[in-house]
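Structure, as structure tokens:
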Amino acid sequence: MVTASQGATRVFDVPAGDAISTLKRAAQQAGMEIVFPAKLVRGVKTNAVKGDFTPEAAFDLLTANTALTVVWDKQSGALIVQRQPASPAAPVGPKAAKIDEERVLHLDTFTVTTSVGTYREATTTAGSKTPMSTKDVAGTVQVLNASFIEDKQARSLEDLYPYVVGMTRESPAASGFTLRGFSNNFTNTMINNIQFDGLPGGASRFGSPPTANVDRVEVLKGPSSVINGVMDPGGIINIISKQPSVKPGSSLVISAASFAGQHSPLGQDVSLTATLDSTGPLDEGRHWLYRFIASYEDLNGFRQFDFGKNYYFYPSLTYRFDPDTEVTFKIEIDRQRRYSSQDSYLAAPFLLIANVPADHSLSYTDRNNEEYDKAETYNLVFRHRFDNQWTLKLNVRDVQHGDGRTLDESHTLRSVLPVEDSSIVQRYRYSINTRRYAYYDLNVYGTVGPETFQHTLLFGLSAGYETHEFHRLFSVDLPGAINVYHPVQNVRPQPYELGVVDLTNNQPQDAVSHYYNYGAYVSDQMKIGQHWRASAGLRHESYDTRYYDSAFIKRTTTVVNPGQTNKPKATVPSVGLVYQPDDTTSFYASYGQGFKPTPPQSAPLPTPTHPAAATLPSEKAGQVEVGAKLDFLANTLDVLLSVYDIKRDGVTQAIPLSFDPVTNAPLFRQTAQESKGVELSVNYQPRPYCQMQLGYSFDDAKITGSSDPATLGARVPNAPRHSANFWGRYNVPQGALRGFGVGLGLIFTGDRPGLLSNIPAQSMQIPSNFRLDLAFYYKWKRGDLGLNITNLLDKSYIASADTELDVVPGAPRKITVSARYAF
């Protein structure tokens with residue numbers, strides 16, 4: 001059963017056709033169950049529906065001037081198809097409050113179902129900001145919907161990353177992933193290729209976004225700046241949050257988890273979570289809709305001292321003026337507190353992963369090291385559909401964020417022989433930071449032209465503002481060193497114990513960044529005859545960036561950066577072509593560009609023609625992609641095959657141990673990179689109670705241009721050439737075990753370098769790893785029970801690395817028991 005309930009406006013793209021298929025497709029896009037016998041609707045042709053509609057309005061349009069009507073069952077929430085004489089003057093839809101009592105069917109409110117909620121999504125707005133069938137998109141979009149998220153018992157996006165084709169975890173941070181070979185963890189701004197309901201601005205810096213308020217996750221592969229603005233070229237994640245619902249309902253989900261590995265015995269590190277979700281109308285006319293989600297996490301990690309205590313609140317309210325106009329206001333309140341080990345995971349003496357401690361539960365930082373995230377996010381979405389079927393949409397997102405941490409940061413690794421004597425010099429770091437994001441997007445789209453040559457036009461304006469204020473109060477080396485393999489914590493004095501630690505080398509800092517951007521974009525999605533689709537788009541963006549750094553060099557009393565500005569501009573195009581010889585086959589080719597402004601503080605090495613005060617040009621990327629999307633076996637087997645080549649120029653990187661001769665500020669250089677690869681995605685649902693999906697990616701990402709001979713031709717860090725995943729679920733359809741289900745997951749990540757170097761001894765090669773996941777389910781009338789086991793075989797592996805002092809271990813075996821109760 002699809003878990004998303006009937007809500008406010010949803011995205012529909014249903015072509016005209018046979019009712020037996022269009023009704024199912026519309027119900028899937030509405031996130032609702034539909035019930036009808038095939039003989040009832042056989043031979044009926046329904047209308048096309050494309051745009052943002054409420055489910056009621058969508059089914060009104062779909063069945064207008066036909067012999068069908070769709071009604072909504074109040075108790076079960078399912079849609080029921082009935083046949084009656086068509087009445088063009090009075091179309092009907094699933095408007096339960098206005099349906100005569102004799103036309104309302106009453107089903108059992110809670111029934112045990114053996115159906116597996118489909119993982120397949122037929123529509124998306126990720127590629128164009130307009131509702132589109134995924135087959136019409138000249139590119140690759142992967143959607144992880146509510147059914148998949150629930151089956152995986154994913155607590156955060158980090159739990160979903162291994163099942164995104166071409167994505168690899170890079171760090172535990174909110175943006176810690178690579179996609180199509182390119183890192184997203186070191187972007188110039190804090191936005192980091194993650195959007196929320198179509199706009200950037202995350203509520204967390206250190207932690208991966210939670211899934212308590214997530215309806216689905218759309219991953220658009222490759223550069224798409226025409227639609228999404230500034231981004232890294234690997235792709236973008238768009239998190240679609242849950243909407244207020246017409247159907248009243250509440251649910252409570254609780255879970256308990258414990259690691260059960262070699263160094264983390266079962267029951268030693270127990271985590272508890274609870275999420276309450278309540279939604280429904282506030283008035284009889286169903287103009288006011290609400291949703292309130294509250295979530296609490298009491299987490300204990302498998303590493304020493306690791307903990308997290310997090311609170312999340314997601315109130316939202318929708319007002320529907322009429323079927324064509326609505327406004328939704330959402331608030332997100334985050335409070336996160338956790339053990340601080342960011343950038344200070346395990347060490348690898350002599351740049352060898354083999355020298356990483358075998359006990360992955362070790363921690364080098366003191367017990368009292370903590371970090372926090374706190375944020376308030378406000379999101380406003382206004383939609384109005386005009387009589388001529390054009391739609392106006394205004395989207396506003398404002399984030400006010402603060403974070404801070406107290407950390408014994410790993411600063412220098414002393415690699416010695418014997419290797420067991422290697423040690424770490426630590427630096428005490430205490431910082432408090434504030435951020436503000438404000439983003440605005442206004443667009444209008446609609447369809448013009450005849451059916452044989454139809455245009456869906458989109459015109460939009462965007463603006464944004466980011467400010468980052470980094471306040472470092474302490475940054476001072478601690479006395480002595482800590483052993484890599486036998487660390488002893490909480491024995492050294494801290495800098496705030498004045499007179500014990502020498503603070504003359506402390507270097508406080510106030511660094512302030514401002515980013516302003518203004519953009520305009522246009523696109524055209526064309527339907528050319530019966531078999532061809534084409535697309536074209538253009539975006540122009542202007543940036544105004546400013547940076548100031550108050551830290552000063554004590555020997556010269558010179559301020560590191562008294563202030564720099566940069567005002568880059570970019571105009572980027574995109575084009576695409578799709579050929580559909582029949583309803584089950586699509587071949588496509590596309591070209592798209594991406595861009596990213598260079599931070600104003602990135603001064604290059606001084607030359608007679610390029611002085612140190614100048615900034616580097618902005619980064620640009622272009623992707624060529626071709627592929628095929630195929631349906632087999634009566635639309636139960638979907639296959640997506642894509643081949644891509646991304647070229648990236650002007651990638652700004654800090655030059656190791658290189659500083660401005662006057663200010664001692666770090667210097668930067670630019671490199672060129674290229675990523676070429678193949679991706680395969682397969683989704684197969686042979687029966688309603690059985691479903692599986694698998695993915696494979698080959699990616700070759702390298703440095704193709706650099707002034708440093710040691711990096712030219714090197715593989716991009718944390719980007720494996722080969723990666724694959726599989727997930728399948730089966731529910732017992734009948735007999736004594738009816739209601740039970742089992743899920744199986746497989747994840748393979750190939751070897752990859754942790755550091756950027758073409759010298760094998762300096763690239764810190766990470767071995768390949770394989771992980772097996774297992775799950776058991778039981779569905780009953782009012783809820784579900786689940787038992788999920790990740791890393792079933794308790795494999796010890798390294799997940800990622802970015803320095804010899806920051807090698808991130810994979811988690812050992814973890815057992816999670818969950819229960820969901822609906823009321």
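The values are calculated or read from the model by the stated rules, or taken from the named source; none is laboratory data. Here the structure is a predicted model, which is why all the values come from computation and not from measurement. Cβ atoms come from the backbone with ideal geometry, glycine included; neighbour counts cover every protein chain shown. The area values use the complete protein model at the heavy-atom level, side chains included, leaving out ligands, DNA and RNA. Shrake-Rupley method; radii C 1.70, N 1.55, O 1.52, S 1.80 Å.
Label-point separation (nm) for S707 and F770, each offset 7 Å from Cα along Cα-to-Cβ?
Inter-label distance under the simple model: 4.6 nm.
Among I240, L68, F305, pick out the residue whose Cα is farthest towards the positive end of the charge dipole of the chain, where Lys and Arg carry +1 and Asp and Glu carry -1 on C-beta, about the Cα centre.
Towards the positive end, the residue furthest out is L68.
Would you kindly state how much longer the chain becomes between F350 and H411 on full extension, computed as 0.36 nm times their sequence separation minus their alpha carbon distance, in nm to one decimal? Could the numbers behind the result be given before it?
Values: separation 61, 0.36 × 61 = 21.96 nm, distance 1.53 nm.
Stretched fully, the F350-H411 segment lengthens by 20.4 nm.
What does the extension gain come out to for A672 and V327, with contour length at 0.36 nm per residue minus their alpha carbon separation? Display every interim value, and only then the final one.
Values: separation 345, 0.36 × 345 = 124.20 nm, distance 4.44 nm.
Stretched out fully, the A672 to V327 stretch lengthens by 119.8 nm.
For a paramagnetic label modelled at 7 Å from the Cα of K781 toward its Cβ, which residues of region 800-823 fall within the zone defined by backbone nitrogen distances under 20 Å?
Zone members listed by number: 819-823.
Just grab the label-to-label distance for K24 and L394, each label 7 Å out from Cα along the Cβ direction, in nm (one decimal).
It works out to 4.2 nm between the two label points.
F307 label point, 7 Å along Cα→Cβ, cut-off 13 Å on backbone N: hits in region 350-377?
Backbone N within reach: 367-371.
At E420 and A654, where each label point lies 7 Å from the Cα along Cα→Cβ, what is the point-to-point distance in nanometres?
Using points 7 Å along Cα→Cβ, the separation is 3.5 nm.
Tell me, in nm to one decimal, what length is gained between A819 and D510 on full extension, where the rule is 0.36 nm per residue of separation less the Cα-Cα distance?
On the way: separation 309, 0.36 × 309 = 111.24 nm, distance 4.70 nm.
Extending this stretch completely gives an extra 106.5 nm.
Pick out, from S344, I789, W288, the residue whose Cα sits farthest towards the positive end of the charge dipole of the chain, with +1 on the Cβ of Lys and Arg and -1 on the Cβ of Asp and Glu.
It is W288, whose Cα lies furthest towards the positive end.
What are the residues whose amide H is under 5 Å from the amide H of S245, where those residues sit 5 or more places off or on another chain and H is modelled from the backbone?
Close amide H contacts, sequence-distant or interchain: G280, Y290.
Report the residues of region 733-757 in range of a label on D159: point 7 Å along Cα→C-beta, backbone N strictly under 18 Å from it.
Residues 741-747 qualify, since their backbone N sits under 18 Å from the label point.
Return the label of the correct value of log10 I(q)/I(0) by the Debye sum over Cα atoms at q = 0.04, 0.09 Å⁻¹, as calculated from the structure shown, out of [x] -0.45, -1.02; [y] -0.17, -0.90; [z] -0.26, -0.98.
Checking each listed value against the structure points to [y].
How large is the dipole of the chain about the Cα centre if only Lys and Arg carry +1 and Asp and Glu carry -1, each at its Cβ, rounded to the nearest 20 debye?
Numbers: 77 positive and 81 negative charges, 223 e Å.
The calculation lands at about 1080 debye.
For region 123-238, place one equal point scatterer on every Cα, skip the solvent, and apply the Debye formula. What is log10 of I(q)/I(0) at q = 0.12, 0.14, 0.17 Å⁻¹?
-0.37, -0.52, -0.79
Restricting to DSSP H runs of at least four residues, report the calculated mean residue ellipticity at 222 nm for the chain, -39500 (n - 2.57) per run over all residues, nearest 500 deg cm²/dmol. Numbers along the way, then the final one.
Values: 5 runs with 36 residues, N = 823.
That comes out to -1000 deg cm²/dmol.
What whole-number value in Å² describes the accessible area per residue of the chain for a 1.4 Å probe?
Working: 32710 Å² over 823 residues.
Value for the chain: 40 Å² per residue.
With only alpha-carbon pairs counted, each pair once and no self-pairs, how large is the Kirkwood hydrodynamic radius of region 727-817 in angstroms? Walk me through the intermediate numbers first.
Details: mean 1/r = 0.0639 Å⁻¹.
After inverting the mean inverse Cα-Cα distance, the result is 15.6 Å.
Rounded if a/c is under 1.5, else prolate if a/b is larger than b/c, else oblate: which is region 290-443, with a ≥ b ≥ c the root eigenvalues of its Cα gyration tensor? It would help to have the intermediate numbers written out before the result.
Numbers: a/c = 3.31, a/b = 2.83, b/c = 1.17.
Note, shape of region 290-443 comes out prolate.
In region 10-83, what is the volume of the convex hull around the alpha carbon atoms, normalised per residue and reported in Å³? Walk me through the numbers on the way to the answer.
Details: hull volume 5.4 nm³, N = 74.
Given the Cα convex hull of region 10-83, per-residue volume reads 73 Å³.
Determine one quarter of the surface area of the Cα convex hull of region 208-274, which equals its mean projected area, and express it in nm² to one decimal.
Across all orientations, region 208-274 yields a mean hull projection of 8.0 nm².
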